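Every read-out reported here was derived from the displayed coordinates using simple, explicitly stated rules and does not represent laboratory data. Nothing here was measured: the structure is a model prediction, and the numbers come from that model. Here the Cβ is made from the backbone with ideal geometry for all residues, glycine too, and neighbour counts use every protein chain on show.
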Amino acid sequence: MIAFRIKVAGRVQGVFFRASTKEKADELGIRGWVRNESDGSVLIEAEGETSKLNEFKQWCTIGPSAAVVESIAVEEIPVSKHAYFEIAY
């Protein structure tokens, strides 16, 4: 199991990015959280199997249909052993 912090920038707030991220994470068995940041970006902490996380990271480069992703920054972080994936506020 590995974990990543992913920062997604662009038009990613007000377009159901967090809800869509949770849906995708649940589909892939990813655990962690997603939240809006004050700078207009979305921050995600995600952990799971390498192949599933790679698919998840690829999805983050596109996001839901109303989003316009301009960039993502990914860094590997220690695994926190989250119980599930949640939308954080």
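Descriptive notes on the structure:
- Neighbourhood charge, 15 Å Cβ-Cβ cut-off, centred on Trp33 and excluding it, Lys, Arg +1 and Asp, Glu -1: +2
- Projected-area mean, the stretch 37-89, by convex hull of Cα positions, square nanometres: 4.5
- Helix-only arithmetic for the chain: the sum of -39500 (n - 2.57) across DSSP H runs with n ≥ 4, divided by the residue total, places the mean residue ellipticity at 222 nm at -8000 deg cm²/dmol.
- Taking a sphere under 13 Å around the Cβ of Lys81 and counting the other residues whose Cβ falls inside, with K and R at +1 and D and E at -1, yields a net charge of -1.
- Seen from Val42, the other residues with C-beta closer than 9 Å to its C-beta sum to a net charge of +2, counting Lys and Arg as +1 and Asp and Glu as -1.
- With Cα atoms, 0 to 90° folded angle of helix 17-28 axis to the chain main axis: 30
- Summarising the amide proton neighbourhood of Phe85: residues at separation of 5 or more, or on other chains, whose placed amide H is nearer than 5 Å comprise Gly32.
- Shape analysis of the chain yields a ratio of the Cα radius of gyration to the Kirkwood radius, Rg/Rh, of 0.92.
- Of the GluC sites (Glu not before Pro) found in the stretch 48-89, those in coil by DSSP whose Cβ has at most 15 other Cβ atoms within 10 Å are Glu49.
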